[in-house]
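A.B. asks: First the structure, which I've put down as structure tokens, then a few questions once you've had a look.
Every number here is computed from the coordinates shown, using simple stated rules; none is lab data. All values derive from a computational prediction rather than experimental measurement. No Cβ is skipped: glycine too gets one built from the backbone with ideal geometry, and neighbour counts run over all protein chains shown.
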Amino acid sequence: MGEIILQINNISVVYSDVIQVLKGVSLSVEKGQIVSLLGSNGAGKTTTLKAISGLLKPENGAVTDGSIIYEGKNIQNQAPEYITRLGIIQVLEGRQPFKYLTIEENLRVGTATRAGKPYKDDLDLVYNYFPALVQRRKSLAGYCSGGELQMLVIGRALMAHPQLLMLDEPSLGLAPLVVKEIFRIIKKINEEQGATIVLVEQNANMALQVAHYGYVMENGKIVMEGTSKELSENPDVKEFYLGIAATGIAKSYKDVKSYRRRKRWL
Amino acid sequence: MRRFSFHPCGNYRENYKQELSIFETDYGRLCVIFFLIILFFVAPFVVSPYMLYILNTIGIAAIAAIGLNILIGFTGQISLGHGAFFGVGAYAAAILATRLGLGFYLAIPAAGIITALVGMIFGIPSGRLKGLYLTIATLAGQFIIEYVLIHWDSLTKGTMGITIPAPNVFHWEIAGDKSFFFLIFLSLVLMTWFAVNIMRSKYGRAFIAIRDNDRAAEGMGIPIFKYKLLSFGISSFYAGFAGALWAYYMVSITTEPFNLGLSVEYIAMVIIGGMGNIPGAIFGATFITLLNELLRYVTGLLMNVGFVTSSGLNMAPLREFVFGLAIVLFILLEPRGIAELWRIFRSSFRLWPFSY
Amino acid sequence: MEFFLQLLVNGVCVGLLYGISAMGFVMIFKSSSVLNFAHGELLALGAFFFLALITWAKLPIIVAFLLTLVGSFVLGFLIEKFFLRPLIGEKLIFVIMLTVGLAAMFKGLILLIWGGNLRTYPNFLPETLALKLGTIYIAPVYSATLVISVLFLVLFGLFFKKSAQGIYMRSVADNQMAALSLGVHVRRVFALSWAIAAMVAAMSGIVLGIINGVNVHDLSSIGLKVFPVVILGGLDSIGGAIIGGIIIGLLETFTGGYLSPSLTDVVPYIVLVFILLVKPYGLFGLVEIERV
């Protein structure tokens, strides 16, 4: 077991003082690994990421219980300006580029955590990972395609020298080939930059292929964890998440045991 | 006989009919009826003429504010030209009454309709503009209307103003605060009733859909431009109607009051009262009118205090300062306005004395 | 012909004034998307503060000027901190009305302290700055305005295009959440843009005061004239603000000279409505990139 970089202990997150989204989530991330966080819509994956990166506050949410410890520091409910400067960068869901800035200016915003320092080498690095961006560097991000934008936002996060990079659904709305490409690069970033990556995904298949370890969330709780191999071989995950039925025969609702198991997934 | 219903302790609505009901309980309906009886049969006969004047001003302002709330609070289109529309209504009524000799019962609604048309013309930019740009377009509308009112001498007599004959029904003249009280508040009740009901119709739902997300509304098949124009029209109709009442009430009108300041006052009424809430507009109109009168009184008082008079300090701008402060404080502290305060107040009594 | 040329020159000069008055407004809009209805009052506050410093405190012009700039920088910062910050993320109308409320407060305050009469600065610009082209005369203050506006235009252009802080400011205007996720200090950006805007406003207030005298009603109505100017220029473009200013200035002087002086005040708004109908994002504005 390697060094633990991020430790989340039993946190609860409440929006607007009334809506409880996370009900005691605990997870730990090992340094240098890719950890995937799976689960259906509304399970609380994005909220978990936002709790770590401090982006709950603008949405009127707060961590009400438990602790988030990053490299020995308690970071729950801290301002995002502080957390990003510790090296935790979240890539938001749904590719949120700065539409009216050019690609290159978008990338420069990534240097905000270390304003004033040179950034030329980092630009080269990002263009190296994402050659598709080079020819579009002067065009407005608002006019780029979805794939380019996903590369852009990952690249933008890379500019910040992340220790812990959190990606929220990088495959959202992208063609399968592009998804493959993006995941290849994520793996590459992890290996070459040594960045620890937390990956939130709906595409469990892809995520489990690149990740070392995985957590499955449901209704604001972690319901299962294990190495990617364990998870992808688990019959429940296989059947309800990866869509591979064990026997290949459609289950009947009369089969109560299976129905109960299924209910837990949906 | 059906059971007399009290406040349920939760949301027990089971069908759309209940969802659409205006009064949640018979108790609420009784309260309103009781209030109306007091308003019409007691208030005008006991209060002083000055108070009656204030009540009348509130009534007129409330009609205009309800109109603006339909536009801002329900349709989400910000208009900075409501004061000018109010002026259009006032002038339309004055001109119809003096030039064409129309009776007030024709002139006032006609003024409303004319204003509605003018409002729809200035609502045309809403077809292409949203948010900030639309706000600025309506600001331009305010200045253009103001200019036309002042400079179209042949029709509006420019800065001279127009004097309007007293309205009369069957040779019985409506003059004086008391008879105007009935005219104004009957109109207010009618207009409130109309506004409340339009908001629970197909049109009201379309307005709210446009406010919440106009693209989604369009996607669901609501012709948004048509409805935005309609909203501008209805809103201006209210402004024009109120303006016409005001013209009759004031007897003689000039272009002076219908400036940007008046538009701002109406928006302040809508915000302070509570956006998207019809009674809220009435609360807001009451608050702003009372605040205005109070500040006028206080600054007048201060001017006569020895040392202020001798120091040559002009206290009149204090009004402007406090007015601005009131807007700022409401926005910072209770952006949902008096209607929300009222709701909180009521719900704290709801389970009295067993509230937890 | 001579009349025409003089009108042309006057128009450009007045227009430049509008342009630099609008610059502060555009700054705020660009970074925080706030439509500042209190802009005219910010102009007036700067102008009156300067007036107080040179007439009551009898400070030298340069010291008073610098002090005014510092003072309004702080003022802008405080306005943002106490009034605008709690509204981050609120609906457009609340923000608009807050600035309207602020405008009323400031106006009341200025009237309480200085009254509504017209005041003038002592004449301090050297006559050598005046330009004479044939029969056309350009007053020293206008040539100074020309220099200042070009200077600011270049400075702001460089600031927003090249400097890191400028790009952060634009990123916040563009997508607040994404900027936050990358560690941009959003609150600092807002505070900074208000502070700079108030400073620029104070400066233009002083220039306007030198030309027209200091009067709170005039200055606050110029604050409203900023709207057609920036719409023409496209709300978020500082260069556009200058061009918009010049167009409005020319329109005003020409309608004043050839049609009717009473029309000058309303012509900018008529043009505004037509421009909005034809080009909803102004002549130089960004077209909103909307993707669903």
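A.B. asks: Counting only DSSP beta bridges with both residues in the protein assembly as shown, tell me the antiparallel percent, nearest 5. Present the calculation step by step, with values, prior to reporting the outcome.
C.D. replies: Values: 34 of 53 bridges.
Rounded to the nearest five, the antiparallel share is 65 percent.
A.B. asks: So which residue, out of C:Gly101, C:Gly233, C:Gly40, gets the largest mean-square fluctuation from a GNM of chain C using Cα contacts under 10 Å as springs?
C.D. replies: The residue with the greatest mean-square fluctuation here is C:Gly101.
A.B. asks: Taking amide H atoms as placed 1.01 Å from N in the peptide plane, list the residues 5 or more away in sequence, or in a different chain, whose amide H sits under 5 Å from that of A:Leu101.
C.D. replies: A:Ala141, A:Gly142
A.B. asks: Excluding C:Phe190 itself, what net charge comes from residues whose Cβ is under 11 Å from its Cβ, given Lys and Arg +1 and Asp and Glu -1? Walk me through the numbers before you get to the answer.
C.D. replies: Details: positive: C:Lys81, C:Arg85, C:Arg187, C:Arg188; negative: C:Glu80.
Net local charge, C:Phe190 excluded: +3.
A.B. asks: While we're here: Give a quick list of GluC sites (Glu not before Pro) in the stretch C:39-95 that DSSP marks as loop, anything other than H, G, I, E or B, with at most 16 other Cβ atoms within 10 Å. Don't jump to the answer; show the numbers that get you there.
C.D. replies: Values: sites: C:Glu41, C:Glu80, C:Glu90; in loops: C:Glu90.
Of the GluC sites (Glu not before Pro), the ones in loops of the stretch C:39-95 whose Cβ has at most 16 other Cβ atoms within 10 Å are C:Glu90.
A.B. asks: Right, something else. Compute the helix-to-body angle for A:176-193: its Cα long axis versus the longest principal axis of chain A, expressed 0 to 90° and rounded to tens.
C.D. replies: 70
A.B. asks: Also, quick follow-up: Assign unit charges at the C-beta atoms only (+1 for Lys and Arg, -1 for Asp and Glu), then state the dipole size of the stretch B:10-127 relative to its Cα centre in Debye, rounded to the nearest 20.
C.D. replies: The dipole of the stretch B:10-127 has a size of about 280 debye.
A.B. asks: Same structure, new question: With θ set to phi - 60°, apply the Karplus curve 6.51 cos²θ - 1.76 cosθ + 1.60 along the stretch A:147-159 and write out the HN-Hα couplings as whole Hz, x wherever there is a Gly or Pro.
C.D. replies: Values, residue by residue: x, 4, 5, 4, 5, 4, 6, 5, x, 4, 5, 4, 4 Hz.
A.B. asks: Next question, about the same structure. Taking amide H atoms as placed 1.01 Å from N in the peptide plane, list the residues 5 or more away in sequence, or in a different chain, whose amide H sits under 5 Å from that of A:Gly24.
C.D. replies: A:Ile11, A:Ser12, A:Val13
A.B. asks: Right, next: What dipole magnitude, in Debye to the nearest 20, does the protein assembly as shown give about its Cα centre under +1 on Lys/Arg Cβ and -1 on Asp/Glu Cβ?
C.D. replies: Details: 71 positive and 56 negative charges, 326 e Å.
Rounded to the nearest 20 debye, it is 1560 debye.
A.B. asks: Just to check, using Stokes-Einstein with a Kirkwood Rh over alpha carbon pairs, what's the diffusion coefficient of chain A at 20 °C and 1.002 mPa s in µm²/s?
C.D. replies: Details: Rh = 19.3 Å.
Calculated translational D: 111 µm²/s.
A.B. asks: So what are the three principal axis dimensions of the stretch B:1-139 from its Cα atoms, in whole Å, longest to shortest?
C.D. replies: 54, 45, 26
A.B. asks: Continuing with this model, one more query. Work out which chymotrypsin sites (Phe, Trp or Tyr not before Pro) in chain C are exposed loop sites (DSSP not H, G, I, E or B, at most 14 other Cβ within 10 Å) and give the longest gap free of them.
C.D. replies: Details: sites that count: C:Trp56, C:Phe124.
By the stated rule (loop sites, at most 14 other Cβ atoms within 10 Å), C:125-292.
A.B. asks: Then there's this: Mind checking Rg over Rh on chain C, alpha carbons, Kirkwood formula for Rh? Could you put the intermediate results ahead of the total?
C.D. replies: Values: Rg = 19.0 Å, Rh = 19.6 Å.
Ratio of gyration radius to Kirkwood radius: 0.97.
A.B. asks: Further question on the same structure: Taking the stretch B:132-213, which trypsin sites (Lys or Arg not before Pro) meet the DSSP loop condition and have no more than 16 other C-beta atoms within 10 Å? Each step should come with its number before you reach the end.
C.D. replies: On the way: sites: B:Lys157, B:Lys178, B:Arg200, B:Lys202, B:Arg205, B:Arg211; in loops: B:Lys157, B:Arg200.
Hits after loop and neighbour filter: B:Arg200.
A.B. asks: Using only the alpha carbon atoms of the stretch C:173-280, find the Kirkwood hydrodynamic radius as the inverse mean reciprocal pair distance, in angstroms to one decimal.
C.D. replies: On the way: mean 1/r = 0.0624 Å⁻¹.
Hydrodynamic radius (Kirkwood, Cα pairs) of the stretch C:173-280 is 16.0 Å.
A.B. asks: Quick one: 3J(HN,Hα) in Hz for the stretch B:124-134, Karplus 6.51/-1.76/1.60 with θ = phi - 60°, rounded, Gly and Pro as x.
C.D. replies: Once θ is set to phi - 60°, the couplings for the stretch B:124-134 become 4, x, 5, x, 10, 10, 9, x, 4, 5, 5 Hz.
A.B. asks: Need one word for the stretch C:44-183: rounded, prolate or oblate. Basis is the Cα gyration tensor (sqrt eigenvalues a ≥ b ≥ c); a/c below 1.5 gives rounded, then a/b vs b/c decides.
C.D. replies: In terms of gyration-tensor shape, oblate.
A.B. asks: Taking every pair of Cα atoms in chain B, average 1/r, invert it to obtain the Kirkwood radius, and report Rg/Rh to two decimals. Write down the numbers at each step before the final one.
C.D. replies: Details: Rg = 21.4 Å, Rh = 21.7 Å.
Taking Rh as the inverse mean 1/r over Cα pairs, Rg/Rh reads 0.99.
A.B. asks: Something else about it: Ignoring everything except DSSP H segments at least 4 long, calculate the 222 nm mean residue ellipticity for chain C; use -39,500 (n - 2.57) per segment, divide by total residues, nearest 500.
C.D. replies: Numbers: 11 runs with 203 residues, N = 292.
It lands at -23500 deg cm²/dmol.
A.B. asks: Okay, moving on. State, to one decimal in nm², a quarter of the convex hull surface area for the C-alpha atoms of the stretch C:65-112, i.e. the direction-averaged projected area.
C.D. replies: Working: hull surface 15.6 nm².
Hull-based average projected area comes out at 3.9 nm².
A.B. asks: If you don't mind, there's one more thing I want to ask. Rounded to the nearest Å, what's the spacing between the alpha carbon centres of the stretch A:207-226 and the stretch A:1-58? Just the number, please.
C.D. replies: If you average the Cα positions of each part, the centres end up 11 Å apart.
A.B. asks: Continuing with this model, one more query. Applying the Karplus parametrisation 6.51 cos²θ - 1.76 cosθ + 1.60 with θ = phi - 60° to the phi angles of the stretch A:107-121, what ³J(HN,Hα) value in whole Hz is obtained for each residue in order, glycine and proline being reported as x?
C.D. replies: Each residue of the stretch A:107-121 in turn: 5, 5, 4, x, 8, 4, 6, 9, 3, x, 7, x, 9, 4, 4 Hz.
A.B. asks: Another question, then. With a sphere of radius 13 Å drawn around the Cβ of A:Leu49, what net charge do the other residues whose Cβ falls strictly inside it have (Lys, Arg +1; Asp, Glu -1)?
C.D. replies: Working: positive: A:Lys45, A:Lys50; negative: A:Glu59, A:Glu93, A:Asp168, A:Glu169, A:Glu201.
Around A:Leu49, the charge tally is -3.
A.B. asks: While we're looking at this one, here's another question. Quick one: Debye curve from the C-alpha atoms of the protein assembly as shown, no solvent, what's log10 I(q)/I(0) at q = 0.05, 0.07 Å⁻¹?
C.D. replies: At q = 0.05, 0.07 Å⁻¹ the computed log10 ratios are -0.36, -0.70.
A.B. asks: Could you work out how far the C-alpha centroid of the stretch B:106-141 sits from that of the stretch B:321-350, in angstrom?
C.D. replies: 29
A.B. asks: Gaussian network model of chain B, Cα springs within a sub-10 Å range: biggest mean-square fluctuation belongs to which of B:Phe207, B:Phe35, B:Phe241?
C.D. replies: B:Phe35
A.B. asks: How large is log10 of I(q)/I(0) for the stretch A:16-160 at q = 0.15, 0.17, 0.19 Å⁻¹ when the intensity is taken from the Debye formula with one equal scatterer per alpha-carbon?
C.D. replies: -0.87, -1.06, -1.21
A.B. asks: Can you list the residues, at least 5 places off or on another chain, whose amide H is less than 5 Å from the amide H of A:Met166, using H built in the peptide plane?
C.D. replies: A:Ile89, A:Gln90, A:Val91, A:Val198
A.B. asks: Taking the beta-carbon count within 10 Å as an exposure proxy, list B:Trp246, B:Trp152 from fewest neighbours to most. List each step's numbers first, then the result.
C.D. replies: Numbers: B:Trp246 24, B:Trp152 12.
Fewest-to-most ranking of B:Trp246, B:Trp152: B:Trp152, B:Trp246.
A.B. asks: By how many degrees, 0 to 90 and rounded to 10, does the Cα axis of helix A:256-265 deviate from the longest principal axis of chain A?
C.D. replies: 20
A.B. asks: OK, next. Find how many whole Å separate the alpha carbon centroid of the stretch B:31-77 from the alpha carbon centroid of the stretch C:12-90.
C.D. replies: What the calculation gives is 41 Å, centre to centre.
A.B. asks: Then there's this: Explain nothing, just the number: dipole magnitude of chain C about its Cα centre with +1 on each Lys and Arg Cβ and -1 on each Asp and Glu Cβ, in debye rounded to the nearest 20.
C.D. replies: Working: 16 positive and 12 negative charges, 134 e Å.
Its charge dipole is roughly 640 debye.
A.B. asks: Less than 14 Å Cβ to Cβ from B:Ile162, Lys/Arg counted +1 and Asp/Glu -1: what total charge do the surrounding residues give? Walk me through the numbers before you get to the answer.
C.D. replies: Numbers: positive: B:Arg99, B:Lys157; negative: B:Asp153, B:Glu256.
Charge balance near B:Ile162 sits at 0.
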